[in-house]
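Asker: Have a look at this one before I ask anything.
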Amino acid sequence: MQILINLTEHTPIFQSENTDPRVRSLMERYIKERFFDALMYQSEVQKDFAKWLEDHQKQSQANLKTKRWEIRKIRQAAEHGINTATLYREMDRLHFDARNNIPNKQVNHELSHLIDMTFINRMANEAQNPDVPVTQRQGLMLFGATLMVGLRTSEWQTARLIRDDPPLLDGESAAYPILIVQTAKTRKEDPEPRILVLEEFDRGALHMIEACIDMTREMNNGSLGQLVSGMRKAMLRLAEDAQTQELLQHVDMKTARKIFTVESRREGRSPESVSAALGHTTTNNLRWYAQGDIYCDRLTDIPLARPAKEATLKIRDPLAELNERKQRQGETPLSGYPDLRDRITPDAPASGQTNSAHWANQLLGGSGND
């Protein structure tokens, strides 16, 4: 039996004043027993329920703690349900959003769908047009390179590409071209450089990275700002409608860094791996970068830089650490984190350390790159 239903309309078939309460109760019981599981089994219904719940909570007068409790309980039920993976992902997203008040989430979500291979190809054609001002063409090129490696704009000036005879890093099975960069926005007085492995980068992609390094090395902040402004002007010409043009008003170089994050998560990389590639020390700040649709397939086929494998092991997950501390004290685990009470040992070993940063520091302080 097929049920045709439009969830956006609500026209009662029985007026409440003309229906005996017992009759209505029997009908509601029938619907609940026969059709609840049949409907919730459908992934589209699970998505629609998540949207309904999100709208419902926006109108609700309940406090944030109660709203988060509702989402956690539904997520917990979905985690143990049958064929409820869609519902679990949607509740995980809502719980993430409820826990972290991030501005422009909707804009970031829409940009994560807008910038796909079709859009990138149009950017490339614009960058190759000799009639386009040089600053705009350079801005588009830097944006495209940032989509692949996720650097902060200021970090391009410190980047060093090792493409010929790269070293074999600890934990790697083969030697790949690497990008060494001095991490910006860190509290450390003498921050370690980070290493990005360019495993799937072909000659053309490596040449583009090298060109951006050469282009930005001697630029001051004003020149870099002109690249950002020029890139945005060029992109606005690519808008096919007013809605896209409005969306592109929000684009800057951080957008490319966020798309790098979203595409990396779409590829199935762990939060720790993506955080290491971005130059973070914990997974906390990932929420500022992954505000896009990370559950769909990748929308681009460009190569993505990844961190050295040992660098990922050094990334902290503060919630996982809190979960472990709570269980050491005999408390129940955090929702969404595993129950570790049977596996916790009093003196757990610390994460492995690597000496990769030591020689990377030497390379950054060297005389140049071949």
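Asker: Do you know which of the residues in segment 154-198 that are assigned to a strand (DSSP E or B) and of a type in the set (Val, Ile, Thr) is farthest from Pro307 (Cα to Cα)? Let's see the steps before the verdict.
Answerer: Filtering segment 154-198 for residues assigned to a strand (DSSP E or B) gives 160-162, 178-182, 193-197.
Now restrict to residues that are of a type in the set (Val, Ile, Thr): 162, 178, 180-181, 195, 197.
Details: Ile162: 15, Ile178: 9, Ile180: 10, Val181: 11, Ile195: 6, Val197: 6 Å.
Once the filter is applied, the top-ranked residue is Ile162.
Asker: Right, another one. Got at least one residue in segment 154-161 being of a type in the set (A, V, I, L, M, F, W, C), over 18 Å from Gly225 (Cβ atoms), modelled with pLDDT under 95 and surrounded by 15 or more Cβ atoms within 10 Å (Cβ to Cβ)?
Answerer: Kept after step one, since they are of a type in the set (A, V, I, L, M, F, W, C), are these residues of segment 154-161: 156, 159, 161.
Among the residues that remain, those that are also over 18 Å from Gly225 (Cβ atoms) are: 159, 161.
From the residues that got through so far, the ones that are modelled with pLDDT under 95 too are none.
Looking for residues that are of a type in the set (A, V, I, L, M, F, W, C), over 18 Å from Gly225 (Cβ atoms), modelled with pLDDT under 95 and surrounded by 15 or more Cβ atoms within 10 Å (Cβ to Cβ), one finds none in segment 154-161, hence no.
Asker: Since Met91 meets every condition but one in (1) surrounded by fewer than 19 Cβ atoms within 10 Å (Cβ to Cβ); (2) among the hydrophobic types (A, V, I, L, M, F, W, C); (3) part of a helix (DSSP H, G or I), which condition does it not meet?
Answerer: Evaluating Met91 over (1) surrounded by fewer than 19 Cβ atoms within 10 Å (Cβ to Cβ); (2) among the hydrophobic types (A, V, I, L, M, F, W, C); (3) part of a helix (DSSP H, G or I) leaves (1) as the failure.
Asker: Can you name every residue in segment 222-242 that is touching a residue at least 40 places away in the same chain (Cβ under 8 Å) and either surrounded by 18 or more Cβ atoms within 10 Å (Cβ to Cβ) or assigned to a helix (DSSP H, G or I) (or both)? Steps first, answer last, please.
Answerer: Of all residues in segment 222-242, those touching a residue at least 40 places away in the same chain (Cβ under 8 Å) come to 224, 226-235, 237-238.
The answer is Leu224, Gln226, Leu227, Val228, Ser229, Gly230, Met231, Arg232, Lys233, Ala234, Met235.
Asker: Now for a separate question. Could you check segment 308-337 and list, in sequence order, the residues that are assigned to a loop (DSSP other than H, G, I, E, B) and either of a type in the set (Phe, Trp, Tyr) or within 23 Å of the chain's Cα centre (by Cα) (or both)?
Answerer: Applying the first criterion (assigned to a loop (DSSP other than H, G, I, E, B)) to segment 308-337 yields 308, 313-315, 317, 329-337.
Correct list: Ala308, Leu313, Lys314, Ile315, Asp317, Leu334, Ser335, Gly336, Tyr337.
Asker: Sticking with this structure for a sec: Please indicate, with yes or no, whether at least one residue in segment 248-266 is closer than 28 Å to Leu87 by Cβ, of a type in the set (Ser, Thr, Tyr) and not in a helix (DSSP H, G or I). Step through it out loud before you land on a result.
Answerer: Applying the first criterion (closer than 28 Å to Leu87 by Cβ) to segment 248-266 yields 258-259, 261-266.
Add one more test, that the residue is of a type in the set (Ser, Thr, Tyr), and what stays is 261, 264.
Then drop every residue that is not not in a helix (DSSP H, G or I), which leaves none.
The answer is no; no qualifying residue exists.
This table checks each residue for (1) under 26 Å from Cys212 (Cβ atoms); (2) modelled with pLDDT of 90 or more; (3) buried (at least 19 other Cβ atoms within 10 Å of the Cβ); (4) touching a strand residue (DSSP E or B) at 6+ places or on another chain (Cβ under 8 Å).
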{"position": "Val251", "(1), (2), (3), (4)": "yes, yes, yes, no"}
{"position": "Thr255", "(1), (2), (3), (4)": "yes, yes, yes, no"}
{"position": "Ala277", "(1), (2), (3), (4)": "yes, yes, yes, yes"}
{"position": "Asn284", "(1), (2), (3), (4)": "no, no, no, no"}
{"position": "Ala290", "(1), (2), (3), (4)": "yes, no, yes, no"}
{"position": "Tyr295", "(1), (2), (3), (4)": "no, no, no, no"}
{"position": "Asp301", "(1), (2), (3), (4)": "yes, yes, no, no"}
{"position": "Ala305", "(1), (2), (3), (4)": "yes, yes, yes, yes"}
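The values are calculated or read from the model by the stated rules, or taken from the named source; none is laboratory data. Keep in mind that what you see is a predicted model, and the values were worked out from it rather than measured. Positions of Cβ are backbone-derived with ideal geometry, glycine not excepted, and every protein chain shown enters the neighbour counts.
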